[in-house]
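A quick write-up on the structure given underneath.
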Amino acid sequence: MNTKVTLAFAAVALVAAAVGVGARQWLFGDASSAGTSPQQPQAQSQALAAAAPASGAVAQLLSAPLQDVAGKHQTLAPYKGRVLVVNFWASWCGPCVAEMPELVRLHDQYAKKGIEFIGIGVDSSQNVQNFLKKIPVDYPILVSGFGGADLARSLGNTAGALPFTVVIDANGVVRSTKLGQVTPAELSKTLDAL
């Protein structure tokens with residue numbers, strides 16, 4: 001009996017350690033970045049942007065079949081030639097929900113500069129509708145379903161995690177990507193440079 005209990009505790013400890021390592025990887029990137037400077041988020045964003053095969057991925061994003069919250073089919077093609085901040089999110093994603101008010105505030109701040117914010121819900125239409133009833137968002141929200149994860153991967157989100165934010169300049173070049181919750185100062189710095 002003692003051996004079974006000991007093995008059970010060992011198994012639970014092993015699973016907990018694996019979950020901890022996985023969570024750290026998801027939140028902070030690879031282990032080699034541990035203990036880096038406050039510049040780390042910006043460096044990660046720049047590295048992700050450099051890794052994104054921009055032209056084909058952006059074209060794919062602009063032509064991807066999406067739906068608005070009413071179920072009407074849409075694409076991002078009308079936004080071609082504009083500076084875009086595209087945020088992949090889901091209603092069940094805690095960091096996504098937490099960053100939404102900041103994205104709304106940044107949208108309001110940069111709308112006068114012609115910068116378009118677009119949310120792509122990697123979720124069901126019903127979940128997105130229910131979320132928007134609770135948290136008002138004043139920029140376009142489209143729904144990709146779970147296929148949005150593939151779009152995000154093509155733009156450099158190799159982890160397939162959410163939230164994932166992409167800044168695309170007016171020439172269709174990916175200028176910045178951010179895996180994880182947006183840092184308003186970091187996003188503002190990127191947008192101010194455009």
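The values are calculated or read from the model by the stated rules, or taken from the named source; none is laboratory data. It should be emphasised that the depicted structure is a prediction, and the values quoted were computed from it without experimental measurement. Virtual Cβ from ideal backbone geometry, glycine too; neighbours counted across all protein chains shown.
Taking Q42 and the conditions (1) surrounded by fewer than 14 Cβ atoms within 10 Å (Cβ to Cβ); (2) outside any loop (DSSP other than H, G, I, E, B); (3) modelled with pLDDT under 95, which numbered condition does it fall short on, given that it satisfies the others?
(1)
Which residues, counting only those in the range 97-116, are more than 19 Å from G145 (Cα to Cα) and not charged (D, E, K, R)?
Step one: filter the range 97-116 for residues more than 19 Å from G145 (Cα to Cα), giving 98-99, 101-116.
Within the range 97-116, A98, P101, L103, V104, L106, H107, Q109, Y110, A111, G114, I115 meet the criteria.
Which count do you get for residues in the range 100-152 that are modelled with pLDDT under 95, touching a Gly at 6+ places or on another chain (Cβ under 9 Å), of a type in the set (F, W, Y) and surrounded by fewer than 18 Cβ atoms within 10 Å (Cβ to Cβ)?
Residues in the range 100-152 being modelled with pLDDT under 95, touching a Gly at 6+ places or on another chain (Cβ under 9 Å), of a type in the set (F, W, Y) and surrounded by fewer than 18 Cβ atoms within 10 Å (Cβ to Cβ): 0 in total.
Only strands (runs of 3 or more DSSP E) wholly contained in the range 94-194 count here; list those with 1 or more residues that are among the small types (G, A, S) and within 18 Å of L84 (Cβ to Cβ).
Working: elements: 116-121, 141-143, 164-168, 174-179.
Fully inside the range 94-194 and qualifying: 116-121, 174-179.
When the range 53-93 is examined, which residues are found to be in a loop (DSSP other than H, G, I, E, B) and of a type in the set (S, T, Y)? I'd like the intermediate steps shown before the answer.
Taking the range 53-93 first, the residues in a loop (DSSP other than H, G, I, E, B) are 53, 64-65, 69-72, 75-76, 80-83, 90-93.
Selection gives T75, S91.
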